[in-house]
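Accompanying notes for the structure given below.
The values are calculated or read from the model by the stated rules, or taken from the named source; none is laboratory data. For clarity, every value in this text was computed on a predicted model and none was experimentally measured. Because the Cβ atoms are built from the backbone with ideal geometry, glycine has one as well, and the counts that use them run over all protein chains shown.
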Amino acid sequence: MLKSLEAIALYREGAQEHLEDNLWLKLIVQAEEQVVNLERVESLQELDRRNPVLDYVERSLRILDQLPRSIWIKELVEETLIWSETAKGGTLKERLLWQEEGINYFVHNIGSAQLYDRHLGGTVSEKSALIQRLIETHGLIGQQIRGEVPPEVNKPLRDLVEEQLLTVEELERLLTVLNHCIIGAVSPELWLNVEHEVKQLIALISSGELASPMPMKERLRRMRLGPISRGEDFTTEWAKLTQEGFHAERLDSLSKITFWYVESALQTFSLEQFLKVMILAAQRAQNESLNQISFEQVMNSIYYDYKGVKKINVYKKRMIEKYLSELIWEDIEKGILPAENPHLMLRPYAKKHLPDTLFFQFQFSAAAEKLIDFCMEAEKSPLYERAVLLLFDLFELRRDAFDRFHNEDTYLNQMNNTADYKAVILDHVTGHKVLDIGPGGGVLLDLLEERMPEVTPIGIDISSNVVEALRQRKQREGRQWEVLQGDALNLKDFVEAGTVDTVIFSSILHELYSYVPLNGKKFNHDTVSAALQSAFDVLSAGGVIIIRDGVMTEPVALLRRVRFLEEDGMAWLERYAKDFAGRQIQYQRFGEQEVLMRVNDAMEFLYTYTWGEEAYIHEVQEQFGYFTPTEFASFIEQTLGKQAKIEVFRHYLQEGYTEALRDRVRFMDENGQEVALPDSTCFIVIRKE
């Protein structure tokens with residue numbers, strides 16, 4: 001067994017006295033802060049219970065211990081491995097002293113090489129000089145493959161042959177073993193995936209050459225391999241952004257920069273958002289002498305544990321996305337950041353004594369940080385919905401642009417599971433160009449593509465997250481439909497007037513009614529009017545608007561009794577009546593578990609009651625029924641005029657509500673006789689004559 005593995009085993013058994021003779025181990029085990037790439041970490045809670053740096057070093061040494069290699073290679077690689085992570089260790093006090101000495105522990109390969117040099121105390125042999133070079137370039141071959149470093153950073157390895165410290169064959173064997181240990185300790189599967197490319201690069205370096213400089217576009221593409229694997233169409237998106245004002249040549253100043261933690265920090269953001277950050281970095285790199293750019297602070301702040309699993313901090317992510325969406329390419333290229341946002345700023349900064357390294361951080365105001373912490377804590381309590389609403393208000397977010405937080409994936413799946421209902425829409429689709437407003441998970445787009453191949457389906461959604469998810473799925477699955485980010489109230493800004501044959505509003509008008517303020521007012525029929533007029537304006541003659549949405553019961557004065565069969569049912573209603581934003585919910589209580597209500601108040605409540613606790617925060621903010629059938633027909637005629645003809649108007653109870661509520665409530669008339677639930681949904685087809 002390697003001596004270093006024996007030292008680790010002794011430490012794990014509780015021994016401490018040998019740490020003075022193993023300074024590398026002492027530094028690692030004394031670490032008072034976690035410095036780890038969170039890309040492959042499953043739970044942040046685990047990091048509090050173990051030392052991930054020590055675990056990684058031990059895994060790398062075990063790989064080395066099992067490799068059948070010569071003693072001299074094992075000695076060199078062992079010494080390199082045990083020192084290469086030391087810059088991630090040390091007490092907080094020690095790390096401050098290191099920084100004052102100019103030891104760049106933020107760039108751990110350089111910092112570790114500096115610590116190794118300090119350990120040598122000026123006594124440098126040919127062997128220790130070689131090890132120091134290997135520590136200094138530790139991991140850079142893998143990072144070159146990932147696009148994070150330019151080829152020049154591996155020049156010190158190439159020079160080992162020229163300086164006659166190693167032969168070509170010795171360097172090749174040494175680097176192969178070292179990189180097997182470095183990459184295999186991250187993941188054995190990762191080593192198998194990149195082994196061939198690593199060996200090709202090692203052969204090139206050992207022969208005295210370096211790889212040709214990689215264009216920044218290719219480097220950035222490699223940094224986006226995670227999003228690309230999930231469906232990002234990098235080439236198409238790059239071309240689109242170029243047309244919109246992104247100038248790729250502005251990135252040239254980054255060609256010699258080494259990036260740290262960039263993929264881990266930014267991989268969940270869109271390519272547009274990613275490139276906006278890169279342009280800002282390039283602007284700084286042009287004016288300063290930089291070698292390194294670190295996104296460690298962004299990475300550390302963007303993750304947290306949700307129910308024991310590492311998740312993106314969606315509260316921060318949504319705010320950052322909004323912030324980046326408001327940056328204009330022309331301003332970014334000038335390095336101009338918006339000064340009017342009091343709660344969030346993208347802050348590049350340097351640290352004293354480390355002039356060649358630039359750090360990036362999304363800096364939230366103290367109020368925003370506390371409110372985000374409150375949201376995270378409130379996840380465990382009924383305060384959650386109020387906390388999220390405060391966050392929306394603080395950042396002036398439009399709710400329809402920012403869908404569910406933690407249950408967003410579930411929400412999109414549920415949207416996709418409504419395929420049977422949405423298939424009915426296809427019977428009324430006219431012509432070739434079809435707009436699906438608020439496409440959700442894309443199920444209707446899929447149905448249009450699969451069952452109506454002559455149709456060109458286009459999804460339009462204001463949510464950047466929905467659009468990004470759909471674009472990635474389109475790329476993964478080879479779909480032919482299109483998706484645009486746009487506002488349903490201004491369709492002429494995104495499609496040419498008179499060119500659309502069918503516009504579909506499937507369960508989206510009630511969200512526009514509930515969430516989109518018009519003239520400063522939400523729950524506004526004028527918003528529905530604006531959406532219908534917007535759709536009518538882009539329709540061709542003979543085109544249709546198809547609506548599937550909530551409907552109210554008439555007569556509106558009809559009363560119904562609701563008896564709760566669950567103990568917490570009455571508490572649900574009391575909370576709902578207090579929180580529902582659409583209108584005042586009134587009820588008369590009969591005993592502990594029964595109430596008398598107007599039918600439409602009862603149904604609005606029961607829709608939310610059916611969805612359950614996870615969706616509560618959103619459902620109390622939206623009103624499903626906003627017209628009775630008679631009111632809806634009259635409203636359409638008044639809004640669209642004589643040129644609009646209602647061809648289909650029917651309403652029905654959506655399947656599933658009766659079954660979902662069967663064991664939870666009794667729905668009765670005023671006399672206590674059980675009756676059927678009223679119609680929940682309407683289906684309308686309007687033709688433009």
Looking at Leu134, Leu165, which is the one that is in contact (Cβ under 8 Å) with a residue 12 or more places away in the chain, over 14 Å from Leu201 (Cα atoms), outside any helix (DSSP H, G or I) and in the same structural domain as Tyr56 (by TED's automatic domain parsing)?
Leu165
Please enumerate the residues belonging to the range 140-196 that are among the acidic types (Asp, Glu) and touching a His at 6+ places or on another chain (Cβ under 9 Å).
Glu195
Name every residue in the range 69-79 that is buried (at least 20 other Cβ atoms within 10 Å of the Cβ) and either in a loop (DSSP other than H, G, I, E, B) or among the polar types (S, T, N, Q) (or both), in order of residue number.
none
Restricting attention to the range 539-570, which residues are touching a Phe, Trp or Tyr at 6+ places or on another chain (Cβ under 9 Å) and aliphatic (A, V, I, L, M)?
Ile545, Ile546, Ile547, Val551, Met552, Val562, Met570
Would you be able to say whether some residue in the range 94-109 is within 21 Å of Gln292 (Cβ to Cβ), under 33 Å from the mean Cα position of the chain (by Cα), in a helix (DSSP H, G or I) and charged (D, E, K, R)?
yes
Would you please name the residue that is farthest from Phe269 (Cα to Cα), looking only at residues in the range 335-383 that are of a type in the set (Lys, Arg) and modelled with pLDDT of 85 or more?
Lys351
Return the only residue of Ile82, Ile103 being modelled with pLDDT under 95, in the same structural domain as Lys26 (by TED's automatic domain parsing), surrounded by 20 or more Cβ atoms within 10 Å (Cβ to Cβ) and of a type in the set (Val, Ile, Thr).
Ile103
Can you go through Thr86, Thr91, Thr80 and tell me which one is in contact (Cβ under 8 Å) with a residue 12 or more places away in the chain, within 26 Å of Ser128 (Cβ to Cβ) and either in contact with an Asp or Glu (Cβ under 7 Å, 6 or more places away or on another chain) or small (Gly, Ala, Ser) (or both)?
Thr91
Would you mind finding the one in Glu244, Glu288, Glu296 that is farther than 19 Å from Phe364 by Cβ and either of a type in the set (Phe, Trp, Tyr) or at pLDDT 90 or above (or both)?
Glu244
Could you grab me the full set of residues in the range 141-157 that are without any contact (Cβ under 8 Å) to a residue 60 or more places away in the chain and buried (at least 19 other Cβ atoms within 10 Å of the Cβ)?
Gly142, Asn154, Leu157
Give the residues of the range 582-620 that are touching a strand residue (DSSP E or B) at 6+ places or on another chain (Cβ under 6 Å), of a type outside the set (Lys, Arg) and without any contact (Cβ under 8 Å) to a residue 60 or more places away in the chain, sorted by residue number.
Tyr587, Gln588, Gln593, Glu594, Val595, Met597
Per-region count, the range 623-634, residues touching a His at 6+ places or on another chain (Cβ under 7 Å) and among the hydrophobic types (A, V, I, L, M, F, W, C):
1
Could you list all residues from the range 657-674 that are under 40 Å from the mean Cα position of the chain (by Cα), surrounded by 11 or more Cβ atoms within 10 Å (Cβ to Cβ) and touching a residue at least 12 places away in the same chain (Cβ under 8 Å)?
Tyr657, Thr658, Ala660, Leu661, Arg664, Val665
Is at least one residue of the range 589-601 in a helix (DSSP H, G or I), surrounded by fewer than 13 Cβ atoms within 10 Å (Cβ to Cβ) and assigned by TED's automatic domain parsing to the domain that holds Thr628?
no
Selection from the range 676-689 of residues that are surrounded by fewer than 13 Cβ atoms within 10 Å (Cβ to Cβ) and either aromatic (Phe, Trp, Tyr) or closer than 17 Å to Met552 by Cα (or both):
Ala676
Within the bounds of the range 324-339, is there any residue that is among the acidic types (Asp, Glu), over 22 Å from Phe106 (Cα atoms) and not in a helix (DSSP H, G or I)?
yes
Helices (runs of 4 or more DSSP H) (entirely within the range 202-315) containing at least 2 residues that are over 30 Å from Arg479 (Cα atoms):
271-287, 296-302
Could you grab me the full set of residues in the range 56-68 that are surrounded by 15 or more Cβ atoms within 10 Å (Cβ to Cβ) and either of a type outside the set (A, V, I, L, M) or out of contact with any helix residue (DSSP H, G or I) (no Cβ under 7 Å at 6 or more places or on another chain) (or both)?
Tyr56, Glu58, Arg59, Ser60, Arg62
In the range 438-542, which helices (runs of 4 or more DSSP H) lie fully inside it and hold 2 or more residues that are under 27 Å from the mean Cα position of the chain (by Cα) and surrounded by fewer than 19 Cβ atoms within 10 Å (Cβ to Cβ)?
464-477
So if I check each of Ser325, Ser294, which one is closer than 30 Å to Glu244 by Cα, crowded, with 21+ Cβ neighbours inside 10 Å and over 13 Å from the mean Cα position of the chain (by Cα)?
Ser294
Which residues, counting only those in the range 181-202, are over 24 Å from Ser255 (Cβ atoms), surrounded by 14 or more Cβ atoms within 10 Å (Cβ to Cβ) and not basic (Lys, Arg)?
Cys181, Ile182, Ile183, Gly184, Ala185, Val186, Leu190, Trp191, Glu195
Criterion: touching a residue at least 12 places away in the same chain (Cβ under 8 Å) and surrounded by 16 or more Cβ atoms within 10 Å (Cβ to Cβ) - qualifying residue of Leu19, Leu23, Leu10
Leu23
Scan of the range 634-654 for residues that are in contact (Cβ under 8 Å) with a residue 12 or more places away in the chain, under 21 Å from Asn600 (Cβ atoms) and loosely packed, with under 15 Cβ neighbours inside 10 Å, ordered by number:
Arg650, Tyr652, Leu653
Does any residue of the range 604-613 turn out to be assigned to a loop (DSSP other than H, G, I, E, B), within 42 Å of the chain's Cα centre (by Cα) and at pLDDT below 95?
yes
